[in-house]
Amino acid sequence: MFNKGFTLIELMVVVAIVGLLTTIVLVNTQNTRFKAHDANIQSLLHQVRNAAEFSYIQNKETYDMICDPADNSLINTGDLGTLEKAIQKENNNQKVACLESIDGKDFAAASPLRSRQGKYWCVQAAGLSLELDHQITTAICQ
């Protein structure tokens, strides 16, 4: 007479295979989620540039009201403050760097990306948007 149940070893093998497949799926979906965060960061930084252009026109052709000189981040008030909070939500609460030129005619803002460690997305007054290997140090994405 044969027993028609599974042995303990067979059940353990099935559980191990299911666990392995689950791990593979979770790793792949996490990378996809990080790429979605990066796309949102890029879109939000584009909105920062649009808001900066509006501010530039309103403030006698100067970007003086875009960055907070105390901590080199976006200014914490108005639309730019709201955008900074949204970007930080996407980049895991990391700093959004913002630098203005001394004459107020240029600015650059950059945020770390989630899916590519050590990479930053940068926008600047001249309309340029690009990925950098380092955080910005001037009012130009370079």
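Quick one: would you say Thr29 is more than 12 Å from the chain's Cα centre (by Cα), closer than 29 Å to Gly118 by Cβ and either β-branched (Val, Ile, Thr) or in a helix (DSSP H, G or I) (or both)? First the steps, then the outcome.
Details: more than 12 Å from the chain's Cα centre (by Cα): yes; closer than 29 Å to Gly118 by Cβ: yes; either β-branched (Val, Ile, Thr) or in a helix (DSSP H, G or I) (or both): yes.
Against the criterion (more than 12 Å from the chain's Cα centre (by Cα), closer than 29 Å to Gly118 by Cβ and either β-branched (Val, Ile, Thr) or in a helix (DSSP H, G or I) (or both)), Thr29 qualifies.
Quick check on the range 110-142: of everything there that is of a type in the set (Ser, Thr, Tyr) and part of a loop (DSSP other than H, G, I, E, B), which residue is farthest from Asn50 (Cα to Cα)?
Looking at residues that are of a type in the set (Ser, Thr, Tyr) and part of a loop (DSSP other than H, G, I, E, B), I get Ser115.
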Selection count, the range 57-77, where residues are part of a loop (DSSP other than H, G, I, E, B) and of a type in the set (A, V, I, L, M, F, W, C): 4
Within the range 73-94, restricting attention to residues that are crowded, with 17+ Cβ neighbours inside 10 Å and without any contact (Cβ under 8 Å) to a residue 40 or more places away in the chain, which residue is farthest from Gly104 (Cα to Cα)? Gln88
Check off (1) at positive phi; (2) modelled with pLDDT of 95 or more for Gly104 and give me the number that stays unchecked. (2)
All conditions in (1) surrounded by 14 or more Cβ atoms within 10 Å (Cβ to Cβ); (2) hydroxyl-bearing (Ser, Thr, Tyr); (3) farther than 21 Å from Ile140 by Cβ are true of Ser111 except (3)
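The values are calculated or read from the model by the stated rules, or taken from the named source; none is laboratory data. The structure presented is a predicted model; accordingly, all values stated were derived computationally and were not measured. No Cβ is skipped: glycine too gets one built from the backbone with ideal geometry, and neighbour counts run over all protein chains shown.
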